[in-house]
């Protein structure tokens, strides 16, 4: 399975979890999207440092775009990248943030009863 496929499956599972399974409906709230914009900013900064400096690199056959081998700086934008990091990193970040918050809200509702 490629990183792209795993990221897309992760986002789909997360949306279903939020809207159908746990019914927290965070994705329908304006407050979530405002907060998420802040999270994405810092995710891009972190990913930019890690991938732009060559600390982390990806094989081109498992991501959107081409590879970045050790010692080679990937493009800042384009070729499937945003601030040096593959687009898939943003998708995984989205899934991780939403699932963390959705489970937090769900467990909070259960424990407050």
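The values are calculated or read from the model by the stated rules, or taken from the named source; none is laboratory data. Computed from a prediction, not measured in an experiment: that's the story for all the values here. Please note: Cβ atoms are built from the backbone with ideal geometry, for glycine as well, and neighbour counts cover all protein chains shown.
If you go through segment 16-42 and pick out every residue that is exposed (fewer than 14 other Cβ atoms within 10 Å of the Cβ) and over 25 Å from residue 86 (Cα atoms), you end up with 8. Taking segment 50-62 as the range and being surrounded by fewer than 16 Cβ atoms within 10 Å (Cβ to Cβ) and in contact with a strand residue (DSSP E or B) (Cβ under 7 Å, 6 or more places away or on another chain) as the test, no residue passes.
Count of segment 63-85 residues, restricted to those that are assigned to a strand (DSSP E or B), surrounded by 21 or more Cβ atoms within 10 Å (Cβ to Cβ) and either over 14 Å from the mean Cα position of the chain (by Cα) or at pLDDT below 90 (or both), is 1.
Would you check if residue 103 is surrounded by fewer than 14 Cβ atoms within 10 Å (Cβ to Cβ) and either touching a residue at least 40 places away in the same chain (Cβ under 8 Å) or in a helix (DSSP H, G or I) (or both)? Reasoning before the result, please.
Values: surrounded by fewer than 14 Cβ atoms within 10 Å (Cβ to Cβ): no; either touching a residue at least 40 places away in the same chain (Cβ under 8 Å) or in a helix (DSSP H, G or I) (or both): yes.
So residue 103 does not fit the description; no.
The number of residues in segment 12-60 being closer than 24 Å to residue 76 by Cβ, in contact (Cβ under 8 Å) with a residue 24 or more places away in the chain and under 12 Å from the mean Cα position of the chain (by Cα) comes to 6.
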